[in-house]
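The next block holds one structure in the form of structure tokens; read it before the comments.
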Amino acid sequence: MSEIEAITLPTARPNPFDPPDGLAELRASAPITRLAYPDGHLGWLVTSHALVREVLADRRFSARSELRHVPIESTSPGRPSPPGMFIGMDPPEQTRYRHLLTGEFTVRRMRLLAERIEEITEHRLDLMERQGPPADLVEAFAAPVPAVVICELLGVPGEERADFMAEAAALGRPDATQEQKISTFLSMQARMRDLVVAKRAEPTDDMLSGLTRSDLTDEELANIGFMLLGAGLDTTANMLALGTFALLRHPGQLAILREEPGRVDQVVEELLRYLTIIPFLVRTALEDVELGGELVRASETVTISTPAANRDPDRFPDPDALDLRRDTSGHVGFGHGVHQCLGQQLARVEMRAGYPALFRRFPSLRLAVEPEQVPLRTDMLIYGVHSLPVTWDGQG
Ligand code: HEM
């Protein structure tokens, strides 16, 4: 037995909106602590806001996927990121790709998209209203809005969207076997590559077409498209659904959203802080690093608890309260440092449109089941709800 005392990553959530049980105690008593990984690796866990930001800003900690150990049972061992998938790369490789992409996430495109996103949002609400109560908010609203948005952004044609979505959903499941994941991955990659070839032949106004004008290969472009699908779907969908659940359970706060529409930007930031749907990030030390009074040795993996950091009382007073009027600056819901979420402006536009439109359309919206019956995604790499049964009074 190892002489070093190590814990395993807490994952149980007695309260659907709070970080897993035990993280608050760790943050108070041992904000950096030894963590035992399921593959036998002995690494670290950091839980305080200060240490989380420190690791994410320190280039001696690498995001390279082949170096990392994963703190939960996982069927995918670390392997090098395929060309283009820069979320698992370090600068300067990551920088080159990221710059090409930021050139495509332009203010102009986001402005045009904002108008489209409002239309897409209203259209989904029309369908939901027409169908009548009750509804699963995930299926009727939270999942389709980001799906249509990302498909329009990339330029996935209407008839191919359902297949893309089904495969993207299959990839997000941690219970899929390695063989299943590889076969879905290869199929999506082939689909993306066909799309890239089509865009090269007939460029339109979408992001993939724009990127074909760079010096990226078809393989790189296909992987980038694939990464954007993976990063932009379940994240925004779960923020929309879990955020709605949280608002319904905090009527005093929901009143603020209804009565102070000018505050919507702040509402979105506080929901991002309070819910922090990415349960953890990982980095691996490239050399020995002193961190919070401990020595992290080269090749040790550090698990970064962004949910715990966003509830740190040293940074956010009364952190466990959902307070739509609070100052949320410095929250790490989109990460921090060179990998900070590339799609954050897009996600914000979707949420700023989504929550107010939903509660405007259905002023009497409420849960259709007891809150304890809402199935939580504690088993998924992105937290949220599997479904959210809701109902409303007939006239909206
Ligand atoms: C509310 C929704 C979202 C949340 C909470 C979220 C969260 C995050 C976080 C925490 C990271 C950092 C990962 C790390 O440091 O290892 C990240 C990276 C990233 N996100 Fe998001 N994300 C959201 C929506 C989106 C959308 C809509 C897109 C694109 C369409 C997107 C694209 C990306 C990409 C490409 C990266 C990698 C950036 C890099 O490595 O340089 N995300 N996201």
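The values are calculated or read from the model by the stated rules, or taken from the named source; none is laboratory data. Note that the coordinates shown come from a computational prediction; the quantities given were computed from them, not determined experimentally. Every residue, glycine among them, receives a Cβ derived from its backbone with ideal geometry; neighbour counts consider all protein chains shown. Heavy atoms of the whole protein, side chains included, go into the accessibility calculation; ligands, DNA and RNA do not. Shrake-Rupley method; radii C 1.70, N 1.55, O 1.52, S 1.80 Å.
Gain in length, Glu290 to Glu260, computed as 0.36 nm per residue apart minus the alpha-carbon separation, to one decimal in nm?
Gain on extension, Glu290 to Glu260, equals 6.2 nm.
Trypsin sites (Lys or Arg not before Pro) within segment 308-363: which are DSSP loop residues with at most 13 other Cβ atoms inside 10 Å?
Arg325
What are the DSSP H helices in the chain that stretch 27 Å or more along their long axis, judged by alpha-carbon atoms, and whose average Kyte-Doolittle hydropathy comes to at least -0.5?
Helices meeting the criterion: 178-201.
Mind checking the per residue accessible area of segment 23-391 for me, 1.4 Å probe, whole number of Å²?
Here the per-residue accessible area is 42 Å².
Please give the contour-minus-distance gain from Ala50 to Arg116: 0.36 nm per residue of separation, less the Cα-Cα distance, rounded to one decimal in nm.
Length gained, Ala50 through Arg116: 19.9 nm.
With springs only between Cα atoms under 10 Å, which of Glu179, Glu350, Glu129 fluctuates most in a Gaussian network model of the chain?
Glu179
Assuming R0 = 45 Å, what is the FRET efficiency of Gln373 and Glu202, from their Cβ-Cβ distance, to the nearest 0.05?
The pair Gln373/Glu202 has a calculated efficiency of 0.40.
What does the helix-only formula give at 222 nm for the chain: each DSSP H stretch with n ≥ 4 adding -39500 (n - 2.57), the total divided by the residues, and the result rounded to the nearest 500 deg cm²/dmol?
When only DSSP H runs of four or more count, the value is -14000 deg cm²/dmol.
Given N residues in segment 51-172, what is Rg(Cα) / (2.2 N^0.38 Å)?
Expressed relative to 2.2 N^0.38 Å, the Cα Rg reads 1.38.
Quick one: net charge around Leu125, please, counting Lys, Arg +1 and Asp, Glu -1 for every other residue with C-beta under 13 Å from its C-beta.
That sum, taken over residues with Cβ under 13 Å, equals -1.
Please tell me the relative contact order of segment 23-391 in percent, rounded to the nearest whole number, where contacts are Cα pairs under 8 Å and at least six residues apart.
26 percent
Pick from Gln345, Gln373, Gln266 the residue whose mean-square fluctuation is largest in a GNM of the chain, springs joining Cα atoms under 10 Å.
Top of the fluctuation ranking is Gln373.
Give me D for the chain in µm² s⁻¹, whole number, from Stokes-Einstein with Rh from the Kirkwood sum over alpha-carbon pairs, 10 °C and 1.306 mPa s.
This corresponds to a translational diffusion coefficient of 72 µm²/s.
Between Arg360 and Asp175, what's the calculated FRET efficiency when r is the beta-carbon distance and R0 is 56 Å? Round to 0.05.
Working from the Cβ atoms, E equals 0.90.
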